[in-house]
1. Do you know which residues across segment 69-109 are of a type in the set (D, E, K, R), within 22 Å of the chain's Cα centre (by Cα) and surrounded by 15 or more Cβ atoms within 10 Å (Cβ to Cβ)?
2. Would it be correct to say that P137 is farther than 19 Å from D92 by Cβ, at pLDDT 95 or above, of a type outside the set (K, R) and not in a helix (DSSP H, G or I)?
3. Tell me, please, whether a residue that is crowded, with 20+ Cβ neighbours inside 10 Å and at pLDDT below 95 can be found in segment 181-198.
4. Return the residues of segment 140-163 that are part of a loop (DSSP other than H, G, I, E, B) and β-branched (V, I, T); say none if nothing qualifies.
5. Is segment 149-157 home to any residue that is surrounded by fewer than 18 Cβ atoms within 10 Å (Cβ to Cβ) and under 17 Å from K6 (Cα atoms)?
6. If the Cβ limit is 6 Å and pairs must be 6+ apart or interchain, which residue in segment 4-26 that is modelled with pLDDT of 95 or more pairs with which residue that is charged (D, E, K, R)?
7. Just to verify a result, which residue in segment 17-68, among those that are within 21 Å of R123 (Cα to Cα) and small (G, A, S), is surrounded by the most Cβ atoms within 10 Å (Cβ to Cβ)?
8. Mind checking which helices (runs of 4 or more DSSP H) fall wholly inside segment 32-123 and carry at least 2 residues that are touching a residue at least 12 places away in the same chain (Cβ under 8 Å), under 23 Å from V185 (Cα atoms) and basic (K, R)?
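The values are calculated or read from the model by the stated rules, or taken from the named source; none is laboratory data. Remember, predicted model here, so these are calculated numbers, not experimental data. Backbone-built Cβ (ideal geometry, glycine too); neighbour counts: all protein chains shown.
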Amino acid sequence: MRKTKKEKLALEIIERLRREYPDTRCTLEFDEAWKLLVSVRLAAQCTDERVNVIVEKLFEKYPNVKSLAEADVDSIEEIVRPCGLGRSKAKDISACMKVLRDQYACQIPRTFDELLALPGVGRKSANLIMGDVFGEPAIVTDTHCIRLVNRMGLVDHIKEPKKVEMELWKIIPPEEGSDFCHRLVDHGRAVCTARTTPYCEKCCLEEICPKIGVKK
């Protein structure tokens with residue numbers, strides 16, 4: 001089937017970003033799947049760098065799903081408060097760990113829908129788990145992804161995460177989705193920035209990017 005203009009653009013962007021950021025990865029540090037589930041909840045409105053520091057203390061005190069499920073919500077909140085929204089995040093983490101303990105033998109579920117049903121887990125978090133833990137097709141529409149794919153012309157002025165995700169599924173090869181989204185984070189932090197004027201002059205996509213929404 002003949003590729004659309006957006007599909008061709010997407011493939012070119014994927015290849016250029018692959019060359020620019022060959023060793024991309026999730027910047028939330030984890031060595032067990034349940035820990036990534038906790039960290040991604042804490043990362044809402046907080047930097048990954050801060051989360052990586054905070055969870056060291058959390059996981060030192062509660063080193064497994066069972067201990068965290070049994071922890072008092074106030075104790076969890078005391079540790080995670082520096083990540084912001086401490087009460088809400090602590091309640092979600094506690095409830096989620098209880099579900100893992102009671103329904104999944106302290107493991108995490110392997111399907112998108114089961115992940116999505118966990119307390120505090122949205123589409124972004126579920127996609128991150130599917131891609132980074134299980135190696136399944138995934139598209140993580142975080143703020144970097146949404147900003148960049150609009151600027152690049154891969155979606156047309158769409159800001160709602162689920163709608164962006166659905167549009168990207170149409171043009172991004174499934175096996176490329178997870179790494180593509182990680183590379184958007186890399187590129188969004190280093191070049192196509194949000195809080196300063198983007199550094200278009202050093203961008204590997206400069207001659208193919210329509211620069212939609214970029215203020216000069």
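1. K89, K91, D92
2. Yes; evaluated as a whole, the condition is true for this residue.
3. yes
4. Listed by number, the residues that qualify are V140, T141, V155, I158.
5. yes
6. From residues that are modelled with pLDDT of 95 or more, the pairs are I14/E176; L17/R183; Y21/R183; Y21/D186; T24/D179; T24/R183; T24/D186; C26/D132.
7. Of everything passing the filter in segment 17-68, S39 is surrounded by the most Cβ atoms within 10 Å (Cβ to Cβ).
8. Once the helices (runs of 4 or more DSSP H) in segment 32-123 are filtered for at least 2 residues that are touching a residue at least 12 places away in the same chain (Cβ under 8 Å), under 23 Å from V185 (Cα atoms) and basic (K, R), what remains is 33-42.
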